[in-house]
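Input: a single structure, listed below in structure tokens.
The values are calculated or read from the model by the stated rules, or taken from the named source; none is laboratory data. From a predicted model like this one, the values you see are computed outputs, not experimental measurements. Cβ coordinates were reconstructed from backbone atoms using ideal geometry, including for glycine residues, and neighbour counts include every protein chain displayed.
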Amino acid sequence: MAGRRPTIVDVAERAGVSRQTVSRAMNDMAGISPATRSRVLEAAKELSYRPSRFGRGLVEQGPITVGLVVQDLSNAYFAELGAAVVRACVPYGWNVVLAEADNALVPEDVARELARRVDAIVGYGMLHGDLRGATGMPVVRIDGTAEQCQEMGIIELVFPGATADLVAHLRRAGVHRPVVMDLAGDAEPGTRARALAAALAPLAESGEVPIHKAHDRVGHVEALQEVLEVGADALVAFNDELAVRLLRALRTMGVEVPGRLRVVGLDGLEIGSLVTPELTTLSIDIDAIAAQAVALVAGMLEGRIPLTGQEAHRVVPYRLEVRASA
């Protein structure tokens, strides 16, 4: 098979089954035993076989199609990421199919269902597990951890350099009582909020940075009143969207920014530069994220980069972007 892409016939021969059985196994259909399905999937993995989309077995295939799974396109971060991935695919002549997880009937199934119709999957925070139909398919997770590269390609987004710069900046500004504003939802603070609080701890008089909660769209005045009551002099929000909404609420409350309270966002979205005062943020280069993800997919499709392991791991760092709000 050197020099050509493995076919369903190759998988059938390797597993000792019919083409129809391979198709059933790859599509998680009824009518075959678990042992047979396992044998077929193992053969497909050994051969790096990727089922042809839209019909599985058509001789003529169109351009490569990348499936992009995001949480919610109404969130500016995911809208910008989607646009960046589309731009990054243009030089390759690839198509992009976008899918939202948060607004699906069964969010956990979104990536699995999309895998049946595309040549590669790129996802942010999606649940991978066992992607039926994705055997031998490039799968790249954005905002994953280094350890996860044993399961799929990973674009790791790292904070340490940017948070160190933020601490130094806020220390020069005389900040002693920073707080973190996490998004309301789970009872316990999220991983990002805890990481931010730990990074800011050297600034706090008590050595601990409190984490408050706020809804992404409502109740911001009440949340800010709690922050002001504990004497906070700086607030780091979960993301730029929340920070912008908090800035608007502070303005209606007559609270001076940055005089009374310094405000910092996270992600570096365009909306942060469209408000007054402009938002200081821990910024990430979304175009670089998209370019790295698409380059990983290209290398995997061409066989230059393995589907898993350290060679399938990339890092994009955050950076501090100081503006008027802090």
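Which condition number in (1) under 20 Å from A162 (Cα atoms); (2) assigned to a helix (DSSP H, G or I) is the one that L246 fails?
In the conditions (1) under 20 Å from A162 (Cα atoms); (2) assigned to a helix (DSSP H, G or I), L246 misses (1) alone.
Any residue at all in region 206-213 that's more than 23 Å from A324 (Cα to Cα), in contact with a His (Cβ under 6 Å, 6 or more places away or on another chain) and modelled with pLDDT under 95?
There is no residue in region 206-213 that is more than 23 Å from A324 (Cα to Cα), in contact with a His (Cβ under 6 Å, 6 or more places away or on another chain) and modelled with pLDDT under 95.
Run A120 past the list (1) at pLDDT below 90; (2) surrounded by fewer than 22 Cβ atoms within 10 Å (Cβ to Cβ) and report the number of the one that doesn't hold.
All conditions pass for A120, except number (2).
Residue check: is R192 at pLDDT below 95 and part of a helix (DSSP H, G or I)?
Working: at pLDDT below 95: yes; part of a helix (DSSP H, G or I): yes.
Spelling it out, R192 is indeed at pLDDT below 95 and part of a helix (DSSP H, G or I).
Which is more than 26 Å from the chain's Cα centre (by Cα), in a helix (DSSP H, G or I) and buried (at least 19 other Cβ atoms within 10 Å of the Cβ), of L228, L224, L166? Before you say what the answer is, go through the steps one by one.
Working: L228 fails: buried (at least 19 other Cβ atoms within 10 Å of the Cβ); L166 fails: more than 26 Å from the chain's Cα centre (by Cα).
Just a single option satisfies the conditions, and that option is L224.
Does any residue in region 301-320 that is closer than 20 Å to A288 by Cβ come within less than 7 Å, Cβ to Cβ, of a residue that is of a type in the set (S, T, Y) six or more places away or on a different chain, and which pairs are these?
Going by the 7 Å Cβ cut-off, the qualifying pairs are Y318/S283; R319/S283.
Where residues in region 82-103 are touching a Pro at 6+ places or on another chain (Cβ under 9 Å), outside any loop (DSSP other than H, G, I, E, B) and not polar (S, T, N, Q), which of them is farthest from G125 (Cα to Cα)?
Filtering first and then ranking leaves Y92.
What are the residues in region 296-315 that are assigned to a helix (DSSP H, G or I) and touching a strand residue (DSSP E or B) at 6+ places or on another chain (Cβ under 8 Å), if any? Working first, answer last.
Looking only at region 296-315, we keep the residues that are assigned to a helix (DSSP H, G or I), and these are 296-302, 310-312.
Residues satisfying the conditions are L296, V297, M300, L301, A312.
Would it be correct to say that E270 is of a type in the set (D, E) and within 22 Å of A164 (Cα to Cα)?
Numbers: of a type in the set (D, E): yes; within 22 Å of A164 (Cα to Cα): no.
So E270 fails the test.
Which residue pairs have Cβ atoms closer than 7 Å, lie 6 or more positions apart in sequence or on different chains, and pair a first residue in region 89-116 that is without any contact (Cβ under 8 Å) to a residue 40 or more places away in the chain and closer than 21 Å to I289 by Cα with a second residue that is β-branched (V, I, T) and part of a helix (DSSP H, G or I)?
V96/V85; V96/V86; A99/V110; A101/V110
Can you tell me which residue within region 169-189, out of those that are in a loop (DSSP other than H, G, I, E, B) and out of contact with any strand residue (DSSP E or B) (no Cβ under 6 Å at 6 or more places or on another chain), is surrounded by the fewest Cβ atoms within 10 Å (Cβ to Cβ)?
To start, the set of residues in region 169-189 that are in a loop (DSSP other than H, G, I, E, B) comprises 173-177, 184-189.
Narrowing the set further to residues that are out of contact with any strand residue (DSSP E or B) (no Cβ under 6 Å at 6 or more places or on another chain) leaves 173-174, 176-177, 185-188.
Numbers: A173: 13, G174: 10, H176: 14, R177: 16, G185: 10, D186: 9, A187: 6, E188: 10.
Filtering first and then ranking leaves A187.
Given the condition of a type in the set (G, A, S), buried (at least 19 other Cβ atoms within 10 Å of the Cβ) and over 12 Å from the mean Cα position of the chain (by Cα), answer yes or no: does some residue in region 74-81 qualify? Give the derivation first.
The first filter runs over region 74-81 and keeps only residues of a type in the set (G, A, S), leaving 74, 76, 79.
Adding the requirement that they be buried (at least 19 other Cβ atoms within 10 Å of the Cβ) leaves none.
No: region 74-81 contains no residue that is of a type in the set (G, A, S), buried (at least 19 other Cβ atoms within 10 Å of the Cβ) and over 12 Å from the mean Cα position of the chain (by Cα).
Is it the case that V275 is of a type in the set (A, V, I, L, M), within 24 Å of the chain's Cα centre (by Cα) and not in a helix (DSSP H, G or I)? Give the steps one after another, and end with the answer.
Working: of a type in the set (A, V, I, L, M): yes; within 24 Å of the chain's Cα centre (by Cα): no; not in a helix (DSSP H, G or I): yes.
For V275, the condition - of a type in the set (A, V, I, L, M), within 24 Å of the chain's Cα centre (by Cα) and not in a helix (DSSP H, G or I) - is not met.
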